[in-house]
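These notes are about the structure you will find just below.
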Amino acid sequence: MLAINWSIPSFANVCIDECSNGEVAGRFYHQYDKKPVHFTCFMELLRQMDDLFESIHYPQATARQRSFLKEQAQAAVQQELTPVWQSREFGGERGTRATFYIMVKGRANASWQGDVVWVEREIKKTFRSAMELMVLMDNATK
Amino acid sequence: MSESKKTGTFIVNIMRQDNATWQGELTWADKNQKKNFRSTLELIKMMDEALSDNEK
């Protein structure tokens with residue numbers, strides 16, 4: 001039985017429903033909304049998950065995002081979000097093609113670090129960057 | 001994601017591969033601006049934001 005930290009605020013249940021031409025589409029669930037967040041490509045998934053982390057200020061980023069448009073990136077206003085799921089319920093949804101539990105524990109080096117679980121195969125891996133996470137998920141969904 | 005016609009031209013110069021990711025310099029060719037990036041995540045977000053500005 002894999003050790004899964006259900007209580008981590010950044011926990012995301014990523015349900016992949018389509019894979020084509022090297023891209024994925026699906027939805028992900030987090031603790032603060034019953035409705036899933038839909039995505040149509042890896043980039044959109046990364047962006048939406050990062051927006052979530054910024055809004056809950058977890059994990060705390062060690063660096064501000066650089067930008068062409070803003071001289072100094074503004075920190076997102078922390079939102080007081082309350083978990084709306086009971087216990088591990090948000091981990092119950094499954095993707096048509098694959099399901100991943102992503103637990104981002106840190107945001108150092110302008111990227112993410114944490115653990116990812118491929119639910120169907122019960123395999124857990126650690127990732128040191130968002131790029132490494134994408135490669136792991138891409139290899140799993142091929 | 002909604003349909004959009006975001007387009008733009010970038011030059012990505014990857015100078016290092018540390019921390020299991022890429023670091024380097026991104027040039028937004030349309031505006032002749034350069035910025036360093038510390039990860040592929042930062043790179044993608046910078047490009048995406050710039051494309052949103054191009055769309056206006």
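Residue pairs whose Cβ atoms lie under 7 Å apart, separated by 6 or more positions or on different chains, with the first residue in the stretch A:34-56 and within 11 Å of another protein chain (Cβ to nearest Cβ) and closer than 18 Å to A:Ser20 by Cβ and the second among the acidic types (Asp, Glu) and open to solvent by 40 Å² or more (accessible area, probe 1.4 Å), are A:Cys41/A:Glu23; A:Phe42/A:Glu23. Taking the stretch A:130-142 as the range and being free of Cβ contacts under 8 Å to residues at least 12 places away in the same chain and either under 16 Å from A:Met49 (Cβ atoms) or within 14 Å of chain B (Cβ to nearest Cβ) (or both) as the test, the residues that pass are A:Glu132, A:Val135. The requirement of being in a loop (DSSP other than H, G, I, E, B), closer than 30 Å to B:Glu25 by Cα and within 17 Å of the chain's Cα centre (by Cα) is not satisfied by A:Tyr32. Of all residues in the stretch A:70-84, at least one satisfies being touching a helix residue (DSSP H, G or I) at 6+ places or on another chain (Cβ under 9 Å) and within 10 Å of another protein chain (Cβ to nearest Cβ). When the criteria are applied in full, A:His38 meets the requirement of being under 13 Å from the mean Cα position of the chain (by Cα), open to solvent by 20 Å² or more (accessible area, probe 1.4 Å) and closer than 26 Å to B:Ser52 by Cα. Among the residues of the stretch A:128-139, which ones are open to solvent by 20 Å² or more (accessible area, probe 1.4 Å) and either among the small types (Gly, Ala, Ser) or part of a helix (DSSP H, G or I) (or both)? Passing the criteria: A:Met131, A:Glu132, A:Met134, A:Val135, A:Leu136, A:Asp138, A:Asn139. The C-beta contact set for the stretch A:105-129 (first residue more than 10 Å from every other protein chain (Cβ to nearest Cβ), second residue in a loop (DSSP other than H, G, I, E, B) and open to solvent by 20 Å² or more (accessible area, probe 1.4 Å), distance under 7 angstrom, 6+ apart or interchain) comprises A:Val117/A:Leu2; A:Val117/A:Ile4; A:Glu122/A:Leu2; A:Lys124/A:Leu2. Counting only strands (runs of 3 or more DSSP E) that fall entirely inside the stretch A:78-127 and contain at least 2 residues that are under 21 Å from A:Glu18 (Cα atoms), the qualifying elements are A:98-106, A:113-118. Of the candidates A:Val37, A:Val24, the single residue that is touching a Cys at 6+ places or on another chain (Cβ under 9 Å) and of a type in the set (A, V, I, L, M) is A:Val24. So which residues in the stretch A:1-33 are within 14 Å of chain B (Cβ to nearest Cβ), in contact with a Lys or Arg (Cβ under 8 Å, 6 or more places away or on another chain) and open to solvent by less than 40 Å² (accessible area, probe 1.4 Å), if there are any at all? Across the stretch A:1-33, the qualifying residues are A:Val24, A:Gly26.
Looking across the stretch A:81-99, the residues that are surrounded by 18 or more Cβ atoms within 10 Å (Cβ to Cβ) and either touching a Cys at 6+ places or on another chain (Cβ under 9 Å) or more than 22 Å from A:Thr141 (Cα to Cα) (or both) come down to A:Trp85, A:Gly95, A:Ala98, A:Thr99.
The values are calculated or read from the model by the stated rules, or taken from the named source; none is laboratory data. What you are looking at is a predicted structure, and each value in this text was computed from that prediction instead of being measured. As a convention, Cβ positions derive from the backbone with ideal geometry for all residues, glycine included, and neighbour counts pool all protein chains shown. Keep in mind that these areas ignore ligands, DNA and RNA; they rest on the heavy atoms of the full protein, side chains included. Shrake-Rupley method; radii C 1.70, N 1.55, O 1.52, S 1.80 Å.
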